[in-house]
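Student: Before anything else, here's the structure in question.
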Amino acid sequence: MKDIFAIARTHVVTALRERVTLFWFLIFPLFLLTLLSLIFGSVTDNEDVQFVISLIAYPQSAADLPFSASAAIEEAFTEMATPDASGRAPLFVLHVPSDGQDLEAFLDAEVTELRRGRRAAVLVLPEDFDRQAMTALSDASSAVAGARLYMSSTNVASETASSIIDQVFAELDRNLLSRMGRFDESQAVRDVTEWVGQAESEVAYIDFALPAIVLMGFFTSGLFGVPGAILFNRDLKVLRRYWVTPLSVSRYLAGFGLGHLSLCALQFVLIVLVGTYGFGASIRFSSPTAIATLILAVVTFMAFGFLITSLVRTANAGMATANILNMPMMFLSGMFFPVANLPAFMKVVILANPVTYLLESLRQSVGAQEGTMMPSPWTYVVPLLWIAFSTLVATRRLRWDVER
């Protein structure tokens, strides 16, 4: 066993002395975790979503109407732009013209702000809006202009805000019809909403990102660290010196695997400590499923490293191959953005990618994600198939000596 531990210790010490290895294995995952948390953490930690809209209500000339639809709309939006008793931020931030301000100039200015992305929508109630509303309520066949809603095609919040505004107008129509005796609430069609996969509490972005960063660290360690260590040692004829000793190939691989596992454990501890104490992550990796997934991930990515090592002739070719596989496998796994709506030809890569299944399993086991993209048995079957395939190819093609 001394020779196995010696190989493991040598692998760990050599990896930590290499500046490039130290950067990609330890510094880069921590840097990426910090960057993502600072950029997206402040956004998702805010539970109150707000939409900045403008409301322009022109003076209404019809004073003989039983009620004012424009006044009801203004009242509704003012209420939705007012904080509630608990102090929670309102749904809308409402911009309205001040007393005596030129409405046309205010409208032009707000539409400009909408183009610049500083408004989600601009709602305009024209001068004859009340009379048009009453005409539409009394005669369903009449064509009326109604309110004007300005939206931005380049702002995602604009579409969401317009949907909410449509709901406000639908509720207003019901209220007006009820006042006129044309709507019977008891005869309305009811629907029952059931939320599927809804978490008991919202998942903070750091809790969502931390499992991805952990797996990314394991992935880069296996994809770059394993081929780099073996191929450079082979090119420098270091491995040849091992083979003139009583050390067998199997014992060398056992020591190398133990050293790689130690590096991944060190990497995991540092990432989790920074995520927990630096950014307030609340997830724990102590469940049996999480531990099993982490171990399976280390073995899977190490097997990938052996597969690359067996397919190339030089260390530089190994690094180039790892770079080719790195980005597609990471980004087509759902690490940093959802992949469910990608085109069909990309889904083939997603479903064949072991990172997809390992990430899904890890996030579910630590409570950072609800639901599943694929049947749970495949979570372990696909990585195990890749381990078997990589091991089979490596045992047949891996050359331990540069001259063999």
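The values are calculated or read from the model by the stated rules, or taken from the named source; none is laboratory data. These numbers were taken from a predicted model, which means no experiment stands behind them. Cβ atoms come from the backbone with ideal geometry, glycine included; neighbour counts cover every protein chain shown.
Student: Give the residue that is modelled with the highest pLDDT, with candidates limited to residues of the stretch 57-74 that are in contact with a strand residue (DSSP E or B) (Cβ under 9 Å, 6 or more places away or on another chain) and in a loop (DSSP other than H, G, I, E, B).
Tutor: It comes out as 58.
Student: Assess whether residue 274 counts as being of a type in the set (Val, Ile, Thr) and at pLDDT 85 or above.
Tutor: For residue 274, the condition - of a type in the set (Val, Ile, Thr) and at pLDDT 85 or above - is met.
Student: Could you count how many residues in the stretch 83-99 are at pLDDT 85 or above, of a type outside the set (Ser, Thr, Tyr) and part of a loop (DSSP other than H, G, I, E, B)?
Tutor: Summing the residues that are at pLDDT 85 or above, of a type outside the set (Ser, Thr, Tyr) and part of a loop (DSSP other than H, G, I, E, B) in the stretch 83-99 gives 3.
Student: Which count do you get for residues in the stretch 228-249 that are of a type outside the set (Lys, Arg), part of a helix (DSSP H, G or I) and either on the phi > 0 side of the Ramachandran plot or over 41 Å from the mean Cα position of the chain (by Cα) (or both)?
Tutor: Final tally of qualifying residues: 5.
The rows are residues; the columns are (1) in a loop (DSSP other than H, G, I, E, B); (2) touching a strand residue (DSSP E or B) at 6+ places or on another chain (Cβ under 9 Å); (3) at pLDDT below 85; (4) surrounded by 14 or more Cβ atoms within 10 Å (Cβ to Cβ).
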position: 22; (1), (2), (3), (4): no, no, yes, no
position: 36; (1), (2), (3), (4): no, no, yes, yes
position: 41; (1), (2), (3), (4): no, no, yes, yes
position: 52; (1), (2), (3), (4): no, yes, no, yes
position: 55; (1), (2), (3), (4): no, yes, no, yes
position: 76; (1), (2), (3), (4): no, no, yes, yes
